[in-house]
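Report on the structure given below.
Every read-out reported here was derived from the displayed coordinates using simple, explicitly stated rules and does not represent laboratory data. Note that the structure is a prediction, hence the values are computed from the model and not measured. Cβ: placed from backbone, ideal geometry, glycine included. Neighbour counts: every protein chain shown.
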Amino acid sequence: MKKYLVLDVGGSAIKYVIMDEEKNIYERGKVPTPLVCLDSFVKSIETLYHTYSDVSGIAISMPGMINPEIGYCFTGGALTYNHDINMAELLSERCGVRVTIGNDAKCAANAELGFGSLQDIEDGAVIILGTAIGGALIKDHKVLSGRRFGAGEFSNIITDYHKPYDGDSSWYARNGINGLLLHIQEALGTEDHYSGEEIFEMANSGNEAVLKGLNQFCLETAVQIYNINQIFDCEKVAIGGGISAQPLLVELIKKNFDEIYNSCYASTLPPEIVVCEYRNDANLIGALYQHLHQ
C-alpha cells in the first residue's frame, strides 16, 4: 500500500505523519515552523521528504488563502513569506513527487467529509472553535473554496451592527477561546484567567455563574449557526476544535439553536448539529483526503 508524507503547518510547529491511503499512521513527529524566510521553510520540508523518500507524495495543510487545485498560496497567514507563490509546484520540483496543499480549516472539513461525521451529506458546514473561528462550507459533497478561495472564512463575521468597525465584535473575538474566557470573567465579575479545562470543570460541577457565562457563549455560537443555515441551507453543521470534546458545550449550542429556530419564522429546515470526529489529526487526515481525491 502506498504511503504519503502528510504535514500540518502551524504557527509554531510542523506536525508530520507517514500515512497510507486508509489513514493508518506509521510514524509521527514535529519540527519547528520556520517563521523568517521561504527558503528555510522549503528546506525543512525537503529534509523531511528525504528522511522518508519512499513515500508516493506529499500532502500539506497550512494557513492562508490557497487554491487547492494547484497549491497556490495567495496569503500565508502568520507565514507572511507564503505570499503569491505556487508552493506545491516549488516543493514538487525540490522533492520530485506530487505535492498538494490546502487551507487548514478546509482540510479539517475534508477529514469529516471523507472519513468522519459528514460522509453522508451533500451540503453543510464545519465550524472550528479555536483561537479564531475556522470554517468551511460544503457544496455537492465537496469543500467549497470560493471564487477567490475565501469561502467559509467565518472569523471576521460582524456580530454587532452597533459596532461594525470594532474588531471586538467579530465572531472570533466573541466565540474564539479568548471569547470564552471573556464570557466567564464577565459572569464571575473577575479578571482572573482560566483554562478551558478549568472552565468546564467549574461548569460541570454546577457553578451557576460559570454556566450562565457558558450559556451566553453557546447562544452567540447558535445565532451564527442559525445565520449560516439561513444562507446556505445545511444538512449538517459539524462543530470542531478542542472544546468540542465537552458534551456540555454541544448540548448548550443545540438547546440555544432550537430555542432560536422555534421562535423565528425560519425559511430553511434546521440542520443536524454534530461533533467533528477528528480533532488533533483533522488537518492531517483532511490533507490526505484532498491529495487522494483531487
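Convert each backbone phi in the stretch 105-118 into a coupling constant with the Karplus relation 6.51 cos²θ - 1.76 cosθ + 1.60 (shift: θ = phi - 60°), then list the ³J(HN,Hα) values in order as whole Hz, x for Gly and Pro.
5, 6, 5, 4, 5, 4, 4, 5, 5, x, 10, x, 6, 10
Going down the table (139/255; 43/142; 3/23; 139/236; 142/236; 2/23), which pairs top 21 Å between alpha carbons? Display every interim value, and only then the final one.
Details: 139/255 26 Å; 43/142 32 Å; 3/23 9 Å; 139/236 12 Å; 142/236 14 Å; 2/23 11 Å.
From the list (139/255; 43/142; 3/23; 139/236; 142/236; 2/23), the Cα-Cα distance tops 21 Å for 139/255; 43/142.
So if I take the alpha carbon set of the stretch 1-121, get Rg, then get Rh from the Kirkwood formula, what is the Rg over Rh ratio? List each step's numbers first, then the result.
Details: Rg = 13.8 Å, Rh = 14.5 Å.
Over the Cα atoms of the stretch 1-121, Rg/Rh equals 0.95.
Name the residues whose placed amide hydrogens come within less than 5 Å of the amide hydrogen of residue 170, ignoring near sequence neighbours (fewer than 5 apart) on the same chain.
For residue 170, the qualifying residues are 159.
Take the alpha carbon atoms of the chain, find their radius of gyration, then divide it by 2.2 N^0.38 Å using N residues; give the quotient. Present the calculation step by step, with values, prior to reporting the outcome.
Values: Rg = 19.7 Å, N = 294, 2.2 N^0.38 = 19.1 Å.
Its radius of gyration relative to the 2.2 N^0.38 Å reference: 1.03.
So who's got an amide H within less than 5 Å of the one on residue 241, skipping anything under 5 residues away but keeping other chains? H placed 1.01 Å off N, in plane.
So residue 241 has HN proximity to 129.
Where the Cα atoms of the stretch 119-275 are projected onto their three principal axes, how long is each span, largest first, in whole Å?
Over the stretch 119-275, Cα extents along the principal axes are 45, 32, 30 Å.
For the chain, build the charge dipole from Cβ charges (+1 Lys, Arg; -1 Asp, Glu) around the Cα centre, then report which of 226, 262, 213 sits farthest towards its positive end.
Farthest towards the positive end: 226.
With +1 on each Lys and Arg Cβ and -1 on each Asp and Glu Cβ, and nothing else charged, work out how big the dipole of the stretch 4-54 is about its Cα centre, in Debye to the nearest 20.
Values: 5 positive and 8 negative charges, 58 e Å.
With only Lys, Arg, Asp and Glu charged at Cβ, the dipole is about 280 debye.
Between residue 144 and residues 5 or more places away or on another chain, which pairs have amide H atoms under 5 Å apart, with H built 1.01 Å from N, and which residues are they?
Amide H to amide H, under 5 Å and 5 or more residues apart or across chains, residue 144 pairs with 137, 138, 139.
Excluding residue 122 itself, what net charge comes from residues whose Cβ is under 11 Å from its Cβ, given Lys and Arg +1 and Asp and Glu -1?
Values: positive: 139, 142, 236; negative: 120, 123, 140, 233, 235.
Around residue 122, the surrounding residues sum to -2.
Got a sec to turn the phi values of the stretch 134-144 into Karplus ³J(HN,Hα) couplings, 6.51 cos²θ - 1.76 cosθ + 1.60 with θ = phi - 60°, whole Hz, x for Gly and Pro?
Using θ = phi - 60°, the values come out as x, x, 7, 10, 10, 10, 6, 6, 9, 5, 7 Hz.
Go through 47, 115, 246 and say which Cα lies farthest out towards the positive end of the charge dipole of the chain; charges sit on Cβ, +1 for Lys and Arg, -1 for Asp and Glu.
Farthest towards the positive end: 47.
Using θ = phi - 60° and the Karplus relation 6.51 cos²θ - 1.76 cosθ + 1.60, list the HN-Hα couplings for the stretch 33-49 in order, rounded to whole Hz, with x at every Gly or Pro.
Once rounded to whole Hz, the list reads 7, x, 10, 9, 8, 4, 4, 5, 4, 5, 4, 4, 6, 4, 5, 4, 4.
Taking the Cα centre of each part, how many Å lie between the stretch 15-59 and the stretch 151-206?
If we compute the Cα centre of each part, the gap is 34 Å.
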